[in-house]
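Read the structure below first, then the notes.
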2 protein chains.
Amino acid sequence: MASTEKASPRDRLLDAAARLSYRGGVSVGIEALCREAGVSKRSMYQLFDSKDTMLAASLERSIPWYDAQLAHPDPGNATPRERILHVFERIAQASLDADYHGCPYLAVLVELKDPEHPASRVARGVKESLGARFRRDAEQGGARDPELLARQLLLVFDGASARAGAGVERLDDGLAALTATALLDAAGMR
Amino acid sequence: MASTEKASPRDRLLDAAARLSYRGGVSVGIEALCREAGVSKRSMYQLFDSKDTMLAASLERSIPWYDAQLAHPDPGNATPRERILHVFERIAQASLDADYHGCPYLAVLVELKDPEHPASRVARGVKESLGARFRRDAEQGGARDPELLARQLLLVFDGASARAGAGVERLDDGLAALTATALLDAAGMR
DNA sequence: GAGAATGGAAACCGATCGGTGTATACCGTG
DNA sequence: CACGGTATACACCGATCGGTTTCCATTCTC
């Protein structure tokens with residue numbers, strides 16, 4: 001039966017890479033990855049060219065899930081302001097998880113300081129797409145300067161997730177959404 | 001003559017550690033560190049217990065310099081608002097440097113995901129002290145909720161430096177100070 | 001000048017790094 | 001049954017990891 005058949009080695013590797021690199025950083029060893037995924041090292045090297053490309057593929061694969069995490073449950077009936085604030089309520093909620101370590105894409109960008117690294121390119125794309133989402137909502141909400149507001153919201157988003165992930169800040173009192181609200185108001189967004 | 005005598009091995013090691021770990025992450029090898037510092041590995045291990053403690057000492061040592069970087073040149077004659085905004089103007093200015101990689105303390109917290117690591121403790125202390133500075137200025141400026149405002153400013157500070165360091169945002173148009181200004185205004189700070 | 005303490009160069013330790021080579025077991029399709 | 005593709009296990013490669021040890025030259029003290 002299809003429901004019990006195991007995931008493909010490729011998917012198991014990508015999941016293991018996402019899990020372990022999120023918890024322990026991008027410096028996880030390949031052997032540990034393969035052990036976790038239950039896949040031999042030989043198999044992984046004929047599925048991926050290198051550890052770097054596998055890491056990039058792993059980030060790429062998690063994008064749809066990540067986008068869904070931040071998306072408003074009923075985007076059609078929500079106002080642009082609600083859609084934006086929902087993002088910040090979601091990271092506050094996610095930060096309650098015991099093993100929350102902040103935005104995985106920002107973490108990758110910080111850890112691999114090389115912007116040419118394949119995984120860095122993927123992470124940068126995610127950030128750009130979130131910025132585009134903010135900008136679109138800002139436009140629809142009638143913000144004075146949608147581009148500026150989107151960039152400000154990204155500062156707050158990354159600051160909040162990085163700080164919460166590092167354990168130097170708590171978001172459960174709505175700090176992030178509160179800060180975003182102040183910026184939305186200042187931008188004249190309805 | 002005192003002016004030409006070399007710095008102590010200890011100082012050379014701490015400087016090298018700060019330099020290399022900022023550029024390449026905390027995963028720099030000890031051999032590379034010692035090579036850069038011109039100190040034998042044996043000497044370093046009788047100056048420090050381990051690589052971890054040396055990294056912590058390195059961060060500790062850079063605190064006065066870092067604080068001075070962010071401090072207003074004339075704190076006595078500046079308003080609290082000016083002192084706060086100066087911090088954000090400074091990171092915008094620093095981000096113009098070709099090898100700017102964001103706040104080193106936040107980077108360490110993100111890279112070593114272990115909050116018990118000696119270097120993480122130092123980094124956390126730096127963040128707390130910056131928060132205290134913001135809170136003090138917020139109080140003096142008559143902010144409605146100084147504690148909240150300080151936390152909001154920290155979000156923007158870490159978000160801005162992390163994003164600029166990762167190369168996904170530019171601060172040279174004053175984005176960070178502009179965002180801080182909006183929050184200061186929203187907090188009713190004069 | 002003898003002796004002790006210091007510190008540097010480099011070998012060495014076991015472990016792990018990213019990556020390969022080899023030989024073998026399982027698989028569905030002819 | 002034979003086949004080719006895919007998977008595995010496992011040894012192996014050179015390099016590097018954090019850390020220790022040995023040996024020797026220098027320096028300081030008496």
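The table below lists the values:
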item: Debye, to nearest 20: dipole size of chain A, +1 on Lys, Arg Cβ, -1 on Asp, Glu Cβ; result: 320 debye
item: GNM top mover of B:S21, B:S62, B:S161 - chain B, alpha-carbon springs below 10 Å; result: B:S62
item: Chain A residue with Cβ closest to the axis mapping A onto B, distance in whole Å; result: A:G159, 1
item: Principal-axis tilt of helix A:51-61 within chain A, Cα atoms, nearest 10 degrees; result: 50 degrees
item: Set of aspartates and glutamates with alpha-carbon distance to B:K113 below 16 Å, sequence-local pairs under 8 removed; result: A:D97, A:D99, A:E111, A:E169, B:D52
item: Positive-end residue of B:S95, B:S58, B:S40, charge dipole of the range B:9-186 with Cβ unit charges; result: B:S40
item: Accessible area of B:I63 in the full protein assembly, 1.4 Å probe (Å², nearest 10); result: 40 Å²
item: Inter-probe distance in nm under a simple model that places probes 7 Å from Cα toward Cβ, at B:T79 and B:D114; result: 4.8 nm
item: Karplus-derived HN-Hα couplings along the range A:83-99 (A = 6.51, B = -1.76, C = 1.60, θ = phi - 60°), whole Hz, x at Gly and Pro; result: 5, 5, 5, 4, 4, 6, 6, 5, 6, 4, 5, 5, 5, 6, 4, 4, 9
item: Probe 1.4 Å, accessible area per residue of chain A, Å²; result: 47 Å²
item: Cα-projected label distance for B:A71 with A:A32, points at 7 Å along beta-carbon direction, nm; result: 4.1 nm
item: Average other protein chain Cβ within 10 Å of Cβ, residues A:167-175; result: 4
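The values are calculated or read from the model by the stated rules, or taken from the named source; none is laboratory data. Keep in mind that what you see is a predicted model, and the values were worked out from it rather than measured. FYI the Cβ positions are ideal-geometry reconstructions off the backbone, even for glycines, and counts take in every protein chain you see. Ligands, DNA and RNA are excluded from the accessible area calculation, which covers all protein heavy atoms including side chains. Shrake-Rupley method; radii C 1.70, N 1.55, O 1.52, S 1.80 Å.
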